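Reading through the structure tokens given below for one structure.
The values are calculated or read from the model by the stated rules, or taken from the named source; none is laboratory data. As the structure is a computational prediction, the values presented were derived from the model and not from experiment. In this analysis, Cβ positions are derived from the backbone assuming ideal geometry, glycine residues included, and neighbour counts consider all displayed protein chains. These accessible areas exclude ligands, DNA and RNA; they are computed on the full protein's heavy atoms, side chains included. Shrake-Rupley method; radii C 1.70, N 1.55, O 1.52, S 1.80 Å.
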Amino acid sequence: MLSILKDAKKVVGTKQARRAVINDKAKIVFVAKDADRHVVDDLIKMCEEKSIEIVYVDSMKELGSACGIELKAASAAILKE
């Protein structure tokens, strides 16, 4: 599932993913299991309310790498076409 992040139109980071969800532009949201809960809880809650699929990733490092960045990422979102 992470492989689709490489070429998909996406945003990386909780602030950008949250904005995409608010603006109804997010199709799938990825959340790192080791991210601080206070950082991602609001995003998870919004996704559940809007019935947006959430995919949990084992680590922030793994998510960042899947997004093609050298930094860790708490979350990312694939955008609607």
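The set of residues in region 39-81 being among the charged types (D, E, K, R), in contact (Cβ under 8 Å) with a residue 40 or more places away in the chain and either farther than 15 Å from K15 by Cβ or touching a strand residue (DSSP E or B) at 6+ places or on another chain (Cβ under 7 Å) (or both) consists of E62, K80, E81. Could you list all residues from region 29-81 that are part of a helix (DSSP H, G or I) and not hydrophobic (A, V, I, L, M, F, W, C)? Scanning region 29-81 gives R37, H38, D41, D42, K45, E48, E49, K61, E62, G64, S65. Filtering region 1-55 down to residues that are hydroxyl-bearing (S, T, Y) and in contact with a helix residue (DSSP H, G or I) (Cβ under 9 Å, 6 or more places away or on another chain), which residue is nearest to A73 (Cα to Cα)? Within region 1-55, the match that is nearest to A73 (Cα to Cα) is T14. Number of residues in region 1-13 that are surrounded by fewer than 15 Cβ atoms within 10 Å (Cβ to Cβ) and either modelled with pLDDT of 95 or more or in a helix (DSSP H, G or I) (or both) equals 4. Taking the criterion of being open to solvent by less than 20 Å² (accessible area, probe 1.4 Å) and not in a strand (DSSP E or B), the residues of region 14-28 that qualify are A17, A20, V21. Just one of the numbered conditions (1) surrounded by 15 or more Cβ atoms within 10 Å (Cβ to Cβ); (2) touching a residue at least 24 places away in the same chain (Cβ under 8 Å) is not true of D36; which one? Against the list (1) surrounded by 15 or more Cβ atoms within 10 Å (Cβ to Cβ); (2) touching a residue at least 24 places away in the same chain (Cβ under 8 Å), D36 comes up short only on (1). Of S75, S65, S51, S59, all but one fail to be open to solvent by 90 Å² or more (accessible area, probe 1.4 Å) and of a type in the set (S, T, N, Q); the exception is S51.
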